[in-house]
1. Out of (1) polar (S, T, N, Q); (2) surrounded by 21 or more Cβ atoms within 10 Å (Cβ to Cβ); (3) within 19 Å of Arg209 (Cβ to Cβ), the odd one out for Thr44 is which?
2. Select from region 150-171 the residues that are small (Gly, Ala, Ser) and within 17 Å of Asp187 (Cα to Cα) and write down the one among them that is nearest to the chain's Cα centre (by Cα).
3. Going by the conditions given, is Thr69 free of Cβ contacts under 8 Å to residues at least 24 places away in the same chain, among the β-branched types (Val, Ile, Thr), out of contact with any Phe, Trp or Tyr (no Cβ under 7 Å at 6 or more places or on another chain) and over 26 Å from Val124 (Cβ atoms)?
4. Can you name the residue in region 123-146 that is in a helix (DSSP H, G or I) and at pLDDT below 90 and is also nearest to Arg184 (Cα to Cα) among such residues?
5. Does region 17-27 contain any residue that is touching a residue at least 24 places away in the same chain (Cβ under 8 Å), among the charged types (D, E, K, R) and in a loop (DSSP other than H, G, I, E, B)?
6. Look at region 123-142 and say how many of its residues are within 22 Å of the chain's Cα centre (by Cα) and more than 20 Å from Pro95 (Cβ to Cβ).
7. Can you pull out the residues in region 74-110 that are of a type in the set (Val, Ile, Thr) and either under 22 Å from Ala169 (Cβ atoms) or part of a helix (DSSP H, G or I) (or both)?
Amino acid sequence: MNGIEINQLSFEYPNKSFSLSIDHLTIASNERLFIDGDSGAGKTTLLNLITGLIRPSHGVIRILGTDITTLSPSACDQFRATHLGVIFQMFNLIPYLSGIENILLATVFSNHKKGHEDAKKLWVELGLDPILINQPVGQLSIGQQQRVAIARALIRHPTFIIADEPTSALDQASTNQFMDVLFRACDQYSMGLLFVSHDASLQSRFDRRFSLNKARMSC
């Protein structure tokens with residue numbers, strides 16, 4: 001399968017304070033999936049499982065035909081760096097590094113050897129002023145930092161963008177701007193999108209919704 005397939009997945013923290021169970025979930029490589037659920041339902045946990053940052057107690061997570069649960073930690077890191085672009089809730093940019101340095105950090109462990117010219121091209125495509133490219137990212141506006149975070153996720157041309165509530169701290173105007181830029185980028189590079197959010201108003205922009213409010217689901 002060219003996308004993501006999850007089967008008989010279960011995860012439980014060692015102290016048994018939380019458990020997650022998903023019977024079956026498939027996501028096509030060009031699909032845009034909206035993932036929602038109450039606080040504590042397991043949204044971030046699901047993304048961490050898909051990206052291989054944590055391992056399930058049981059089950060299979062197959063991405064582009066590879067069961068990532070069978071990979072060694074280093075191989076899983078390499079796979080994630082090559083095939084998945086992650087946009088974090090607070091962007092996780094390094095404030096004292098320049099915009100271009102933040103973007104290029106994503107290429108360190110990737111098989112896709114992108115350089116300064118690729119980063120500069122993305123910078124312009126995402127509407128950032130070229131004069132700001134070497135400025136410390138902490139001096140950029142929130143809207144500019146949004147675009148740097150998207151560029152960092154895009155630089156490797158991944159199959160999927162994984163976004164963990166990236167609009168939660170933004171006002172409505174900034175949220176709309178962020179979503180417009182993100183969707184244009186997904187269109188341009190033919191990428192799938194897994195997007196976690198509490199904001200139900202964003203759901204209509206996606207192909208499909210997957211809710212984590214129930215302990216066990218099938219989709």
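The values are calculated or read from the model by the stated rules, or taken from the named source; none is laboratory data. Everything numeric here is computed off the predicted structure, so don't read it as measured data. So basically every Cβ, Gly included, is an ideal-geometry build from the backbone, and we count neighbours across all protein chains shown.
1. That leaves (2) as the condition not met.
2. That would be Ala163.
3. When the stated conditions are applied, Thr69 passes them.
4. Pass one, region 123-146, residues in a helix (DSSP H, G or I): 123-125, 130-132, 137-139, 142-146.
Add one more test, that the residue is at pLDDT below 90, and what stays is 125, 142-143, 146.
On the way: Glu125: 10, Ile142: 19, Gly143: 16, Gln146: 14 Å.
Here the answer is Glu125.
5. no
6. Final tally of qualifying residues: 3.
7. Those that are of a type in the set (Val, Ile, Thr) and either under 22 Å from Ala169 (Cβ atoms) or part of a helix (DSSP H, G or I) (or both): Thr82, Val86, Ile87, Ile94, Ile100, Ile103, Thr107.
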